[in-house]
Amino acid sequence: MNAELFIDADRISYKTEYLFTVIDLRDVDSVSLKKSILGEKLVLIGSFSIDLKNFGKQKRKVLEIHKSKNFDIYHVYNFLKENIRSIMQTDE
């Protein structure tokens with residue numbers, strides 16, 4: 001899958017041919033790394049707004065980010081795990 005993912009200090013942006021989203025890390029409740037028939041993917045649970053081509057903006061509770069040659073899925077997973085934890089500790 002051809003996808004782009006950019007990491008900022010408190011958010012990530014993810015873009016494919018069919019969707020675009022900017023995710024504030026405070027909106028992510030959990031992240032996991034899973035294997036599927038299509039390869040490895042990140043599964044984010046939270047509250048997201050995504051822009052789907054031909055369907056417009058939609059709310060989602062689950063977002064799957066599939067492995068791509070354009071970014072290291074393990075780096076993204078480690079970044080999210082560490083930063084979600086630190087944001088949760090700051091909010092408490």
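Selection of first residues in segment 60-73 that are over 18 Å from SER36 (Cβ atoms) and of second residues that are surrounded by fewer than 16 Cβ atoms within 10 Å (Cβ to Cβ), restricted to Cβ pairs under 8 Å at least 6 apart or on distinct chains, gives the following pairs, ordered by first then second residue: LYS61/ILE45; LYS61/SER47; ASN70/ASN2; ASN70/GLU4. Applying the condition of being open to solvent by 30 Å² or more (accessible area, probe 1.4 Å) and part of a strand (DSSP E or B) to segment 2-18 and asking which residue is nearest to PHE71 (Cα to Cα) yields GLU4. Listed by first and then second residue, the pairs linking a residue in segment 75-92 that is modelled with pLDDT under 55 to a residue that is open to solvent by 90 Å² or more (accessible area, probe 1.4 Å) and part of a helix (DSSP H, G or I), with Cβ atoms under 7 Å apart and 6 or more places separating them unless they lie on different chains, are ILE87/ARG26. The criterion of at least 3 residues that are open to solvent by less than 40 Å² (accessible area, probe 1.4 Å) and touching a Lys or Arg at 6+ places or on another chain (Cβ under 7 Å) is met by the following strands (runs of 3 or more DSSP E) wholly inside segment 23-88: 39-52.
The values are calculated or read from the model by the stated rules, or taken from the named source; none is laboratory data. Everything quoted here is computed from the prediction, not taken from an experiment. Here Cβ is always computed from backbone atoms with ideal geometry, including for glycine, and neighbour counts include all displayed protein chains. Side chains included, ligands, DNA and RNA excluded: accessible areas come from the protein's heavy atoms. Shrake-Rupley method; radii C 1.70, N 1.55, O 1.52, S 1.80 Å.
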